[in-house]
1. How do the peptides 89-96, 17-24 rank, highest first, by the average count of neighbouring beta carbon atoms within 10 Å per residue?
2. Calculate the translational D of the range 21-123 in whole µm² s⁻¹ from Stokes-Einstein, where the hydrodynamic radius comes from the Kirkwood formula applied to all Cα pairs, the temperature is 25 °C and the viscosity 0.890 mPa s.
3. For the range 179-184, what does the Karplus curve 6.51 cos²θ - 1.76 cosθ + 1.60, with θ = phi - 60°, yield as ³J(HN,Hα) per residue in whole Hz, taken in order and with x for Gly and Pro?
4. Hey, what do the phi angles of the range 161-167 turn into as Karplus ³J(HN,Hα) couplings, whole Hz, using 6.51/-1.76/1.60 and θ = phi - 60°, x for Gly and Pro?
5. Using θ = phi - 60° and the Karplus curve 6.51 cos²θ - 1.76 cosθ + 1.60, what whole-Hz ³J(HN,Hα) does each residue of the range 141-149 get, with Gly and Pro shown as x?
6. Need the full-extension length gain, Val64 to Asp50, defined as separation in residues times 0.36 nm minus the C-alpha distance. One decimal, nm.
7. Based on Cα coordinates alone, diagonalise the gyration tensor for the chain, multiply each eigenvalue by 5, take square roots, and list the semi-axes in whole Å, largest first.
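A short reminder: the numbers here are calculations on the coordinates, not readings from a lab. Given the structure is predicted, the values throughout are model-derived calculations rather than measurements. Reconstructed Cβ throughout: ideal geometry from the backbone, glycine too, with neighbour counts over all protein chains shown.
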Amino acid sequence: MTAGAASGGSSTPMVLPVTYLAGLTTLLRPWNVDDAPALVAAWHDPVIQDRLEVPEPADEASAVHWISQREQAWAEGRSVDLAVTDRPSGAVIGEVGLSGFDPVRRAALVGWWIAEHWRGQGRAGEAVRLVVDWALSDGPLEAVMAEIGEDNPASAAVARRAGLRRVDASRRAARKSSDVTLLVFARTRTDAP
């Protein structure tokens, strides 16, 4: 799981084409309101609550509202949010998305979470690789970055499996429970995956 902040730049939106992305075990697709219960369950996971901003109240109405805003956010070039689903069953097992679009640098942040019972199975690595590969090949982006807490080695490993490499940059960020140093990982269009 990762978190990031938007950066400045031109107000020209960076819009990527709506897509479905398939891997060996996961399918990435746009969210739909039927996914609200899975999103609510994730919002109640203490690990997700610690690392990401969760709405209050974290209930089904909030989930439906968040999901209903995804298409507009995508069309306006503010974010791309895809449900990570188990390919055989279709169950929602996580989320991966792009945010913090910087039209000047032609860059964005990638972030993700995976539901508790699906962690440790390589699903996050596959989902992140799918979205980074797509973003750097089919859109206007030249770079995708991830900001990962130094206290989160599992997400650092996911970033590496997705072809991102640690760069010599970091910043401090406040969390509910403490401050943390965020390590920066990046992949550019010219990097070999």
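1. Working: 89-96: 19.8, 17-24: 12.9.
Per-residue mean Cβ counts within 10 Å order the peptides as 89-96, 17-24.
2. Working: Rh = 14.2 Å.
For these conditions, the coefficient is 172 µm²/s.
3. 8, 9, 8, 9, 8, 10
4. For the range 161-167, the Karplus-derived couplings read 5, 8, x, 7, 10, 5, 10 Hz, x marking Gly and Pro.
5. For the range 141-149, the Karplus curve yields 7, 9, 8, 10, 10, 10, 10, 10, x Hz.
6. Numbers: separation 14, 0.36 × 14 = 5.04 nm, distance 2.18 nm.
Net length gain for the segment: 2.9 nm.
7. Details: eigenvalues 101, 75, 63 Å².
Over the Cα atoms of the chain, the ellipsoid semi-axes are 22, 19, 18 Å.
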